[in-house]
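Working notes, structure below.
The values are calculated or read from the model by the stated rules, or taken from the named source; none is laboratory data. Please read all numbers here as calculations on a predicted model, not as lab measurements. Neighbour counts are summed over all protein chains in view; Cβ atoms, including those assigned to glycine, are modelled from backbone coordinates with ideal geometry. Just the protein is used for accessible areas: all its heavy atoms, side chains included, with ligands, DNA and RNA removed. Shrake-Rupley method; radii C 1.70, N 1.55, O 1.52, S 1.80 Å.
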Amino acid sequence: MDVDGVLTDGTFWWGPDGEEWKRFSFADVMGLSRGRAAGLVFGLVSGEASPLVDRFARKMGIPEVHSGCKDKAAAVRLFSERQRISLERICFVGDDVNDLPAMAIVGVSAAPANAQPSVLAAASVRLSLGGGYGAVRELIELILGT
């Protein structure tokens, strides 16, 4: 999944000393935990290179992180190969136009409610919640059927 706009609300803060902050939702954290317990495998694909993304992945036990990624479709293909999961069995969640190539090659594409209009139009699953506000949890609950 994408990070900014999916796991976050797409905004960030800069502190007075130049540090960057991102806000993650505990609803999504719980969803990821439930998904992992059910056997789902997650990967993060972010156009931004941020230590916060790496830290979040470590906290959540997410094995694949592609940060500073300019070709998200290539990252999803690599995830597919490394995890031995066919592209047809992968769901990619994105919110902006740079996510469209990755969304186009997977079996299920999803978008948070506040995604860009072209991304919502391309998504096979349109979530009712916004990025950073439980959209990932909503998707995981749909996948798990709970």
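Taking the range 102-146 as the range and being under 21 Å from F79 (Cβ atoms), over 14 Å from the mean Cα position of the chain (by Cα) and surrounded by 15 or more Cβ atoms within 10 Å (Cβ to Cβ) as the test, the residues that pass are I105, A122, I143.
Pick from the range 91-101 the residues that are over 12 Å from the mean Cα position of the chain (by Cα) and aliphatic (A, V, I, L, M): which of them is surrounded by the most Cβ atoms within 10 Å (Cβ to Cβ)?
Initially, the range 91-101 is screened for residues over 12 Å from the mean Cα position of the chain (by Cα), giving 97-98, 100-101.
Now restrict to residues that are aliphatic (A, V, I, L, M): 97, 100.
Values: V97: 12, L100: 20.
Residue satisfying both the conditions and the ranking: L100.
Out of all the residues in the range 106-121, which are farther than 21 Å from S25 by Cβ and assigned to a helix (DSSP H, G or I)? Residues satisfying the conditions are P117, S118, A121. The C-beta contact set for the range 1-26 (first residue charged (D, E, K, R) and modelled with pLDDT of 90 or more, second residue open to solvent by less than 40 Å² (accessible area, probe 1.4 Å) and not in a loop (DSSP other than H, G, I, E, B), distance under 9 angstrom, 6+ apart or interchain) comprises D2/L44; D2/V45; D2/K72; D2/F92; D2/V93; D2/D99; D2/A102; D4/V53. Residues that are among the aliphatic types (A, V, I, L, M) and assigned to a loop (DSSP other than H, G, I, E, B) within the range 122-146 comprise A123, L127, L129, listed in sequence order.
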